[in-house]
Structures are given as C-alpha cells and as structure tokens.
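> The structure under discussion is supplied below as structure tokens; questions concerning it will follow.
Throughout, read-outs are computed from the coordinates displayed, never taken from laboratory work. From a predicted model like this one, the values you see are computed outputs, not experimental measurements. Methodologically, a virtual Cβ is constructed for each residue, glycine included, from the backbone with ideal geometry; neighbour enumeration extends over all protein chains shown.
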Amino acid sequence: MEWFAPLAKTTKGYEATGELTLKGKTKEIKFPFNFDSKKDIIQFPFVPKQTFVAKMLIIPKDFGITRAGTPSELYIDISIPVTK
C-alpha cells in the first residue's frame, strides 16, 4: 500500500488517500480512521495508551478477484496504540 496524500480532516475523523494493489491491479483508495483519546491502562504493559482506529472496506471484485468462495466485501480493521 502506498500513501501519496497528506491526511485530511473529515466530519467523522481523518482520511488518508493511497494506492492499494491486489492481484496486480492498483486502485486509489480512501482510508478513514479516528484517533481514540481514551486512555487504556487495562492491557499489558499497563501504561496509558491512545489509539488510531481504522476500518476499511475492500470489494475483491474491483480488483479482479472473482474466485468461488471469495466474499463480496472484506473489512480490514486496524488498531494502532500510541504511547508518549
């Protein structure tokens, strides 16, 4: 995945624009994400964390992926903890 645009603020959070290549086909995609400022101190290593959270929809058919059994929609969920 290649990113070629700066992050943009949206009404729901932020958005990055880039190119995604699957099975040799490249498409421009928009990757929406949010910054979760709640501090999570429950999980190891027990330090305050803030998180970037993202969910991206991919349609395999748009990339020429049509093999039997392939779902019509895929979601990629990403959670990136940030510490100071």
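> Taking the simple approach of a point 7 Å from Cα along Cα-to-Cβ for both Glu15 and Thr70, what is their distance in nm?
Going from the Glu15 label point to the Thr70 one covers 2.6 nm.
> Also, I was wondering about something else. Along the stretch 7-17, what does the Karplus equation 6.51 cos²θ - 1.76 cosθ + 1.60 (θ = phi - 60°) give for ³J(HN,Hα), rounded to whole Hz, x for Gly and Pro?
5, 10, 7, 10, 5, 9, x, 9, 8, 10, 10
> Would you mind putting 75-81, 10-16 in packing order, based on average other-beta-carbon counts within 10 Å, highest first?
Going by the mean number of other Cβ atoms within 10 Å, highest first, we get 10-16, 75-81.
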